[in-house]
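Take a look at the structure set out below.
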Amino acid sequence: MKLASIHFYPVKSTAGHEVREAEVQPWGLAGDRRYLVTDERGDVLTAREEPRLLAVVARLDGDGLTLTGPHADPLRVTPAESMSTVTVARTPVEVTDCGDDAARWLSGLVGRPLRLKWLDDPTRRPVNPEYGRPGDRVSLADGYPLLLTSSASLARLNDWIVETALERGEEAPEPLPMHRFRPNVVVDGVDTPFAEDKWERVRIGAVNFRVSKGCDRCVLTTIDTATYTKGKEPIRTLSRHRKWDGKVWFGINLIPDTPGRIAQGDSVTIL
C-alpha cells in the first residue's frame, strides 16, 4: 500500500489543498485547521450551515494567511490579540480574533456577521479522552488530528451509489470525488474495501499512528463543491450499507505517535 495524496485545510470548512509532502505534528498536519469561522453569536460556523464557505481558499503566508473568494479582492489576514472561547465538538477552546477586516470580508460572502478566529496554541485542545490518551491534542478539526480514507473504499461506495440510483429508477450519477470526504491522507492499494475499519495502528513512511475510531459522516459530504448545493449522496447509500450505532461511517481517525514528515508515494504499513 502507498500514500496516494495528502490534504490540509487552513480554515475549517473552507477549500482544501493537496500537497506533495507535509509535516505531521502531534495535533495534525502542519497548518491544518488552525483557523475557523464564528457567527454573530460567537458559535462555530461550518459549511454544514453555510456551504458558501467552501468557495473560500485560504493560503498560509508567514505569520498569517491570505483569503481568496468569489465576492471580493483577496485579503491578507494577521491574527490580533483579542481572545475568546469557542466550542468545537463539545470542547471549549480559547482562540484569537483575526480583526475587523477579516470579519467584513467573510460577512460579505454570506450576508451576515461573521468573524475569523485562530488557534494560536494547538496544545490547548485535548482529544476526546474516550478515544485518546491524556496527552493527545487536536487543532480545530472536528475530533482527531488526521482523517484517513482509501481509494478502494471510495470505489466500492461509488458502485453502491450507482446501484441505489438504478434500483430507484434514477440516472446513474457521476462518481463522488474523494474531496467530498475531506481526508488528510488517502491510501492506494488496500486489498479489500473498508479493510481500514479493522486497523489499529499504521505507519506512513516513518511516522506511526494509532487509529482512534472510525469517522462518522455528516451532511457536509452531500454538498457539491462546484454548486454548493446539497444532495442525497453519499448519506443515502452509506445509510444502507455502512450504518451502525445510529451513524454512517467512512474513513478512520488517526492520532500521531511520532512526529515526522510524510510524502506522496510513502509506503503504508499496518502494524
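Observations on the model:
- Linear extension gain, ALA263 paired with ASP159, 0.36 nm per residue minus alpha-carbon span: 34.5 nm
- Shown here is the pair-distance distribution of the chain: with all Cα-Cα distances grouped in 5 Å bins from zero up to the longest one, the shares run 1, 6, 13, 17, 18, 17, 14, 9, 5, 1, 0, 0 percent.
- Positive dipole terminus of the range 34-123, leading residue within PRO51, GLY108, VAL77 (C-beta point charges): PRO51
- A crude spin-label estimate for the pair ARG41 and ARG240, with each label 7 Å from Cα along the Cβ direction, gives 3.6 nm.
- Among THR221, THR87, the order by Cβ neighbours within 10 angstrom, fewest to most, reads THR87, THR221.
- Listed by Cβ neighbour count within 10 Å, with the fewest neighbours leading, MET1, MET83 appear as MET83, MET1.
- Straight Cα distances below 21 angstrom link LYS12 to the lysines LYS117, LYS213, LYS230, with same-chain residues fewer than 8 positions distant left out.
- Residues VAL24, VAL88, VAL162, arranged from fewest to most other Cβ atoms within 10 angstrom of their Cβ, appear as VAL162, VAL88, VAL24.
- One decimal place: the segment ASP191-LYS247 gains 17.6 nm when fully extended, by the rule 0.36 nm per residue minus the C-alpha distance.
- Note that the range 215-221 has calculated 3J(HN,Hα) couplings of 9, 7, 9, 10, 5, 4, 5 Hz, one per residue in order, obtained from phi through the Karplus relation 6.51 cos²θ - 1.76 cosθ + 1.60 (θ = phi - 60°); glycine and proline are x.
- Couplings for the range 169-175, taken from phi via the Karplus curve 6.51 cos²θ - 1.76 cosθ + 1.60 with θ = phi - 60°, read x, 9, 6, 5, x, 5, x Hz in order; Gly and Pro are left as x.
Every number in this text was worked out from the coordinates using simple rules, so none of it is lab data. Every value quoted in this text rests on a predicted model; they were computed, and no experiment measured them. Neighbour counts run over all protein chains shown; Cβ positions are idealised from the backbone, glycine included.
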